[in-house]
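*Asks:* Below: one structure in structure tokens.
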Amino acid sequence: MKKISLSILFIMLVITVFGQQAERMISIIPEPVSLVKKGGHYVLPENVTISSPVGKEMNFVNNYLKDKLATATGKKVSVAANAKNTNIQLVLNKTADGKIGDEGYALSVTSSGVVIKANKPAGLFYGVQTLLQLFPPQIESAKVQENVSWQVPQVEITDYPRVGWRGLMLDVSRHFFTVDEVKRYIDDMAKYKYNRFHWHLTDDEGWRIEIKSLPKLTEVGAWRVEKIGTFGDMSKPLPGEPKNYGGFYTQDQIRDIVKYAADRFVQVMPEIDVPGHSLAAIASYPELSCTPGADKYEVHAGEQFMDWSHGAPPIALVDNTLCPANEKVYEFMDKVMTEVAQLFPFEYIHTGGDEAPHNFWQKSPQVQALMKREGLKTIPQVQSYFGKRLEKIIQAKGKKMMGWDEILEGGITPTTALMSWRGVKYGIEASNSGHYVVMSPTIFTYIDYMQGDISTEPPVYSSLRLNQAYKFDPIPEGANAKYILGGQANLWTEQIYNIRQAEYMTWPRGFAIAESVWSPKEKKDWDKFAAKTQDHFQRLNYAQTKYSPAIYDPIVKVTRDGDKYYVELTTEIDGLDIYTSFDNSEPDNFYPKYTKPQLIPKDASLMRIITYRGDKPIGRLMTIRVDDLKKRVR
Ligand code: ACM
């Protein structure tokens, strides 16, 4: 009897396991506008045929789909132009479907195959991304995967984006990323339907774009002393210490990346960050500064050089600003923008404008003379004077200017666009006065901030958990939606030394921002998104893309009551059990389960924390010194 019931149990288990495989959850990120499950599957045959329109923009899409379907499955895949009765059909609508626009698509999976229809090639590309997400996660592998049932659920999907600008910014100045690494980053973002790559190419720590008429920018400005540690706390470079860290992109490499991105329907916006954040340019051409002293300028290597203790703008310890009162600066900008405009087909050039310190300009006789001559009353007005002249240069090259929100302070022309980063209020204000705006507020989209507890992350001064990033709304209340181009996440790389860490910081928060800028607001659902995120971790595993598992780690809050300290632990997602210890040993799921804030024992020196799902450890073992915990009390 016991034997029989055990066998029945086993059979039930097998059915459940296989049933679950067959009923793999559908997890599309970003969530489509409409998805109807019809039951049943379409199984990919051994020889897969794809029919697709021909044309310049379709060549890449066709090869992309063919490679993706062939690589992990090991199947034979062929593409033919406008063939009949193929397994997968990509179709460009003869009469445009007004609802789906230029980037939308309709995807239909039936028992006989897959049809994706769109008005434009971009829509077919996004339909292809959705189709790939309907396959098992092994589809992301670069090697043939055995024993996988290559099937997709039968569905009807209609999908199109909420906003047109869906951006990610990568800072390649603080740390340098190779051409292949940048391409890999763009490839990953395209999978989640991002379409703007904001390339932060210049800063105090390195000038990374070849400007042929200004060779010192890359001979000098692209190189600094290598430092490894915590940015902002590095030792000062010694006199004569070799400048052995850096790099730049040649113009051929830039054209190659722009083409690579365009194939994936990603437009590249270059940023030349001026007049602040310009130490690398000044180290190359010291005459661009208002503060004489050619011998003292060096590309910044991570030592303290701004004093933020008084808030923004910072007090610069070294003058890192271009001199707005020097005609040579405008000649310099003209040369730079001539070449930048030729390299990047995108309509906007971002010219920074953030965090320009005032203290050296205030002291400069040249700036004072400029203020008198031009009737400028304040330093922000001086920056505005610079910005207006810069915009004329950019417009003369046939481009539009975009800047960080500080440029609003001294006044901007009606044609300047704004990237709102210090919250959404500047973007709201600018949109209501008819400026185009990209929303990129620190509180939702700064993916350089820590996503887990400081005990598991490189220290950064602020945190942005996944559930907070997911709350991002690119069109916040009060904004004039007509002027909101869209939203963007920014990856600054002071603490990011390599592409693996860049990936770790981007994913899964990049999922949250992707869904926020693509999916209808009413379709967003945190619990569903959290489940999809965990499902997509498997895709990233097969793709060998690094991501943060911080959603499995608890949020640690410390409170104080007299001389007693309590540690309160919560989780971003449901279904996790937390175990802790103060006795220096590693807790497991046989330790008492966390149920309420824990009193820190008087003599304890370490707290260790781990989460489990059922009987499996899932979070990382967190070890925090009690001294550090006590410092966290607000
Ligand atoms: C910025 O984060 N300084 C734009």
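The values are calculated or read from the model by the stated rules, or taken from the named source; none is laboratory data. Predicted model only: the values in this text are computed from it and were never measured. Cβ: placed from backbone, ideal geometry, glycine included. Neighbour counts: every protein chain shown. With ligands, DNA and RNA removed, areas are computed over all heavy atoms of the protein, side chains included. Shrake-Rupley method; radii C 1.70, N 1.55, O 1.52, S 1.80 Å.
*Asks:* Can you give the helix-only mean residue ellipticity at 222 nm for the chain, where every DSSP H stretch with n ≥ 4 adds -39500 (n - 2.57) and the sum goes over all residues, rounded to the nearest 500 deg cm²/dmol?
*Replies:* -9500 deg cm²/dmol
*Asks:* Turning to a different aspect of this structure: Compute the long axis of helix 2-22 from its Cα atoms, compare it with the longest principal axis of the Cα atoms of the chain, and write down the angle in degrees, 0 to 90, nearest 10.
*Replies:* Here the helix axis deviates by roughly 40 degrees.
*Asks:* Calculate what fraction, in whole %, of the accessible area of the chain sits on carbon and sulfur atoms when a 1.4 Å probe is rolled over the protein chains.
*Replies:* 53
*Asks:* Next question. R0 = 25 Å: FRET efficiency of I443 with K564, Cβ-based, nearest 0.05?
*Replies:* Calculated value: 0.20.
*Asks:* Quick check on region 275-425: take the gyration tensor over C-alpha atoms, sort the square-rooted eigenvalues as a ≥ b ≥ c, and tell me if it's rounded (a/c under 1.5), prolate or oblate.
*Replies:* Because its axes are fairly even, with a/c under 1.5, region 275-425 counts as rounded.
*Asks:* Could you state the angle between the C-alpha long axis of helix 179-191 and the longest principal axis of the C-alpha atoms of the chain, as a value from 0 to 90 degrees rounded to the nearest 10?
*Replies:* 50
*Asks:* With every protein chain left in place, what is the accessible area per residue of the chain in square angstrom, probe 1.4 Å?
*Replies:* Dividing the accessible area of the chain by its residue count gives 43 Å².
*Asks:* A further question on this structure: So how far apart, in nm, are the two label points at T338 and N584 if each is 7 Å from Cα heading toward Cβ?
*Replies:* 6.9
*Asks:* Is the C-alpha gyration tensor of the chain telling us rounded, prolate or oblate? Criteria: a/c under 1.5 is rounded; beyond that, a/b larger than b/c is prolate, otherwise oblate.
*Replies:* It comes out oblate by the Cα gyration axes.
*Asks:* With 26 Å as the limit, write out which pairs from K66/K94; K84/K120; K75/K524; K76/K259; K120/K532; K68/K546 have Cα-Cα distances beyond it, or answer none.
*Replies:* K75/K524; K76/K259; K120/K532
*Asks:* Tell me the trypsin sites (Lys or Arg not before Pro) within region 510-559 that lie in a loop according to DSSP and have at most 14 other beta-carbon atoms within 10 Å.
*Replies:* Here no loop site has a sparse enough neighbourhood.
*Asks:* OK, next. Taking the convex hull of the alpha carbon atoms in region 221-271, what volume per residue do you get, in Å³?
*Replies:* Normalising the Cα hull of region 221-271 by residue number yields 129 Å³.
*Asks:* Which whole-number percent of Cα pairs in region 89-193 have a distance greater than 23 Å?
*Replies:* 42
*Asks:* In straight Cα distance, which aspartates and glutamates are under 18 Å from K564, not counting same-chain residues fewer than 8 positions off?
*Replies:* D583, D603, D627, D628
*Asks:* Going by accessible area, probe 1.4 Å, with all protein chains left in place, what is the ranking of I499, I186, largest first?
*Replies:* So, going from the largest accessible area down, we get I499, I186.
*Asks:* What lysines sit close enough to K328 to cross-link, taking a C-alpha to C-alpha distance under 25 Å and skipping anything fewer than 8 places away on the same chain?
*Replies:* K212, K216, K296, K363, K372, K377, K388, K392, K397, K399, K400
*Asks:* Still on this model: Going highest first, how would you order 75-86, 327-338, 410-421, 506-517 by mean Cβ packing within 10 Å?
*Replies:* Those peptides, ordered most packed to least, come out 506-517, 410-421, 327-338, 75-86.
*Asks:* Obtain the nm distance between the two label points defined at W308 and A80 by a simple spin-label model: each point lies 7 Å from its Cα along the Cα-to-C-beta direction.
*Replies:* If labels sit at W308 and A80, their model points lie 6.1 nm apart.
*Asks:* I would also like to ask the following. What angle do you read, to the nearest 10 degrees and between 0 and 90, between the alpha-carbon axis of helix 509-518 and the longest principal axis of the chain?
*Replies:* That helix lies at roughly 90 degrees to the long axis.
*Asks:* Now for a separate question. Given 0.36 nm per residue, what is the gain on full extension from R373 to K328 after removing their alpha carbon distance, in nm?
*Replies:* 14.4 nm
*Asks:* While we're looking at this one, here's another question. What three numbers, in Å, describe the spread of the alpha carbons of region 202-350 along their principal axes, ordered from the longest?
*Replies:* Reported extents, whole Å, longest axis first: 43, 37, 32.
*Asks:* Next question. How long is the gain from K528 to D615 if the chain were fully straight, where each residue apart is worth 0.36 nm and the alpha carbon distance is subtracted?
*Replies:* Taking 0.36 nm per residue and subtracting the Cα distance, the gain is 29.0 nm.
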